[in-house]
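Below you'll find the structure, written out as structure tokens, and then a few comments.
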């Protein structure tokens, strides 16, 4: 393709504008006060003479000091995944504390005459086999799931990171013993273990289930904590702290733990979602929570056999469970992205 | 004598056998004196320092023998508790890489103040005031404003100053600096070395400077100990060693410094590699690489013998070396 012809710019004489850096007519060099070379030289000389310590701000960034944690928080706030997940979780926590806020009925008050009926005004999710309002039961079911999820995670994280952290820090035979014990617990199939342990429990509260999940969940967190403590322990600053006279307790709590805790937080957040799913699984199998406790797992279990005639009975508790688990896993993902500098 | 290391042996147990990292090291440092320990990587200079500080990882490390006398008391016979009190207050260490030697999640003020909290039981507030004082002492500009900053917000040279400040906090009588300037660029190296030397004079501390940089040593050291394969092969006052090395290894090191008057010529390099510590060659450990090696060198380990006042060499043929 031929290039479009461009007209040559007409040559025109333009008188030079006044340039302060160039000497004026009849001058060898621009005078002071006009930004010419002399001013530059004077400037240099002054700043070179100034002692370094005089500058009140000093070199370096003057923004507020940011640690790993404030940096992570800074990043999290801008992450839409984190914002959505935490709003969902906030909502779930609120309704599990005050379910009356959005559900006025009583989940245990049922009308058998309305068994398996579909939605009607005031009862948007319809009724289950016992004639209970599915909407009310779904709202009230959040409490059991959230309680089990949070308590089990806190328990497993505390137990796991304490044991794993100590084992990783001190090593030796205690470490070997703990690792083997963790392996044994890893070997227990969750559902089989649940059927065995929980079938003998008669309590209808959430605590046996929480205890069982902690019992099976701590080895995972202990492994993570042990690994990250071993990594953090090898850092030069831990050696440096030792060389400057720090004792074991101080080294572990002040220098190792803050640098090893991030992976534990990430894994625990993701585990929270799976623990909620595990509670539902156990309740579905009839060994987790039991009536009269209201739980999504129990409702799913009751609805499963009726899936063809009344699918709404299954849909709503299962949907609520999925959204809850998803929210916690998304939160865990976002936290991992923020705390792991390698992924940035 | 402030510190005396006598016949120190350190071994490491590895999967392939016992690595003898330090094989009978002797050295001493007086107050106000600077000893430079020179050697390649793996020559045992850092391990010796770690043994002196008591921060050797055991296992796999093991102190197989010897004495470390600090102000006349044998550190190796002390309980861990007593040693811990000496670390930081009596002797302190400056590490090579200041960024990785500072805790990234604590502000430098907190880390400097920690020294006073641990050893002197000061309150957090008083410790922080002391931290500012220390930062000013190592000439960090705007110390008051920067005391709350985190290590990654400082430049390499400033970080090394903070490390020096931490080591000096309790005014110990001995400082061990393990390659304090290796991670810095050349202009900053000189500043940091000058600062260290100045503070040492001021506080009349003993300083052990571990380095492989002959240039750093020349200005600040009083005496030099050259290490090879876990042994000291030569020790001498600094000027004499530069003028007339009495060991072929030292000579090799000096010859391999680039010099302006040799422009265009090939740079000298010591042939071969440092020995494998699992299988140190019999006789003089340097014999496979030594241009002067003879039958005697392969048969027997040459002892570190005095060749002149204050000078010692572990070479049978040191006279030839000095004369060469």
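The values are calculated or read from the model by the stated rules, or taken from the named source; none is laboratory data. All values reported here derive from a predicted model rather than from experimental measurement. Neighbour counts run over all protein chains shown; Cβ positions are idealised from the backbone, glycine included.
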### Message
With buried (at least 23 other Cβ atoms within 10 Å of the Cβ) and at pLDDT 85 or above as the only criterion, which of B:199, B:209 stands out?
### Response
B:209
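Given B:175, B:162, which one is farther than 30 Å from residue B:256 by Cα, touching a helix residue (DSSP H, G or I) at 6+ places or on another chain (Cβ under 7 Å) and surrounded by 23 or more Cβ atoms within 10 Å (Cβ to Cβ)? Show your work before the answer.
Details: B:175 fails: farther than 30 Å from residue B:256 by Cα.
Criteria check complete, one pass: B:162.
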#### Entry: Selection count where residues are assigned to a loop (DSSP other than H, G, I, E, B) and surrounded by 15 or more Cβ atoms within 10 Å (Cβ to Cβ), scope the stretch A:72-94
1
### Task
Determine whether residue A:169 is farther than 20 Å from residue A:274 by Cα, under 29 Å from the mean Cα position of the chain (by Cα) and touching a residue at least 12 places away in the same chain (Cβ under 8 Å).
yes
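Those residues that are part of a loop (DSSP other than H, G, I, E, B) and either free of Cβ contacts under 8 Å to residues at least 40 places away in the same chain or touching a strand residue (DSSP E or B) at 6+ places or on another chain (Cβ under 6 Å) (or both), I need them from the stretch A:295-333; list them, please.
Quick first cut of the stretch A:295-333, residues part of a loop (DSSP other than H, G, I, E, B) only: A:295, A:305-311.
Correct list: A:305, A:307, A:308, A:311.
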### Task
Hey, can you tell me all the residues within the stretch B:110-120 that are under 21 Å from residue A:257 (Cα atoms) and more than 7 Å from chain A (Cβ to nearest Cβ)?
B:110, B:111, B:112, B:113, B:114, B:117
### Selection within the stretch A:280-292 - in a loop (DSSP other than H, G, I, E, B) and within 29 Å of the chain's Cα centre (by Cα)
A:288, A:289
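Could you identify the single residue in B:39, B:24 that is closer than 17 Å to residue B:56 by Cβ and buried (at least 17 other Cβ atoms within 10 Å of the Cβ)? It would help to see each step written out before you state the result.
Working: B:39 fails: closer than 17 Å to residue B:56 by Cβ.
Within the list B:39, B:24, the selection yields B:24.
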#### Entry: Residue satisfying all of: in the stretch B:137-152; farther than 22 Å from residue B:96 by Cα and within 8 Å of chain A (Cβ to nearest Cβ); farthest from the chain's Cα centre (by Cα) among these
B:145
### Query
Is it true that some residue in the stretch B:76-90 is at pLDDT 85 or above, assigned to a strand (DSSP E or B) and either under 18 Å from the mean Cα position of the chain (by Cα) or at the interface with chain A (Cβ under 7 Å from one of its Cβ atoms) (or both)?
no
### Task
Tally the residues that are more than 24 Å from the chain's Cα centre (by Cα) and buried (at least 24 other Cβ atoms within 10 Å of the Cβ), restricting the search to the stretch A:246-272.
0
### Query
Residue check, residue B:50 against (1) free of Cβ contacts under 8 Å to residues at least 12 places away in the same chain; (2) surrounded by 16 or more Cβ atoms within 10 Å (Cβ to Cβ); (3) more than 12 Å from chain A (Cβ to nearest Cβ); (4) assigned to a helix (DSSP H, G or I), all met but one. Which one?
(3)
### Query
From the list B:107, B:155, B:123, which one is more than 10 Å from chain A (Cβ to nearest Cβ) and surrounded by fewer than 22 Cβ atoms within 10 Å (Cβ to Cβ)?
B:123
### Task
Examine the stretch A:95-114 for a residue that is more than 14 Å from every other protein chain (Cβ to nearest Cβ), within 21 Å of the chain's Cα centre (by Cα) and either part of a helix (DSSP H, G or I) or buried (at least 17 other Cβ atoms within 10 Å of the Cβ) (or both), and state whether such a residue exists.
yes
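Yes/no matrix, rows are residues, columns are (1) modelled with pLDDT under 85; (2) within 23 Å of residue B:43 (Cβ to Cβ); (3) away from chain A (no Cβ under 13 Å):
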residue	(1), (2), (3)
B:166	no, no, no
B:187	yes, no, yes
B:229	no, yes, yes
B:235	no, yes, yes
### Query
Pick from B:304, B:253, B:267, B:273: which is surrounded by fewer than 19 Cβ atoms within 10 Å (Cβ to Cβ) and either at pLDDT 85 or above or under 24 Å from residue B:238 (Cα atoms) (or both)?
B:267
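For every residue, the table says whether it meets (1) under 18 Å from residue A:244 (Cα atoms); (2) touching a residue at least 40 places away in the same chain (Cβ under 8 Å); (3) assigned to a helix (DSSP H, G or I).
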position	(1), (2), (3)
B:145	no, no, yes
B:148	no, yes, no
B:158	no, no, yes
B:161	yes, no, yes
B:164	yes, yes, yes
B:194	no, no, yes
B:207	yes, yes, no
### Query
Does the stretch B:16-37 include one or more residues that are closer than 26 Å to residue B:217 by Cα, within 14 Å of chain A (Cβ to nearest Cβ) and in contact with a helix residue (DSSP H, G or I) (Cβ under 6 Å, 6 or more places away or on another chain)?
no
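Of the residues that make up the stretch A:168-178, is at least one within 26 Å of residue A:69 (Cα to Cα), crowded, with 16+ Cβ neighbours inside 10 Å and at pLDDT 85 or above?
Yes; the residues of the stretch A:168-178 include at least one that is within 26 Å of residue A:69 (Cα to Cα), crowded, with 16+ Cβ neighbours inside 10 Å and at pLDDT 85 or above.
Among the residues in the stretch B:133-140, are any in a loop (DSSP other than H, G, I, E, B), touching a strand residue (DSSP E or B) at 6+ places or on another chain (Cβ under 7 Å) and in contact (Cβ under 8 Å) with a residue 24 or more places away in the chain?
From the stretch B:133-140, those in a loop (DSSP other than H, G, I, E, B) are B:138-140; that's our starting set.
Checking the rest, the ones that are also touching a strand residue (DSSP E or B) at 6+ places or on another chain (Cβ under 7 Å) come to none.
Looking through the stretch B:133-140, none of the residues is in a loop (DSSP other than H, G, I, E, B), touching a strand residue (DSSP E or B) at 6+ places or on another chain (Cβ under 7 Å) and in contact (Cβ under 8 Å) with a residue 24 or more places away in the chain.
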### Message
Out of everything in the stretch B:91-104 that is within 21 Å of residue B:148 (Cβ to Cβ) and buried (at least 20 other Cβ atoms within 10 Å of the Cβ), what residue ends up being farthest from the other protein chains (Cβ to nearest Cβ)?
### Response
B:98
### Count - residues of the stretch A:115-127 that are surrounded by fewer than 16 Cβ atoms within 10 Å (Cβ to Cβ), in contact with a strand residue (DSSP E or B) (Cβ under 8 Å, 6 or more places away or on another chain) and closer than 18 Å to residue A:320 by Cβ
0
### Task
Please find, among B:10, B:18, B:5, B:22, the residue that is in a strand (DSSP E or B) and more than 16 Å from residue B:232 (Cα to Cα).
B:18
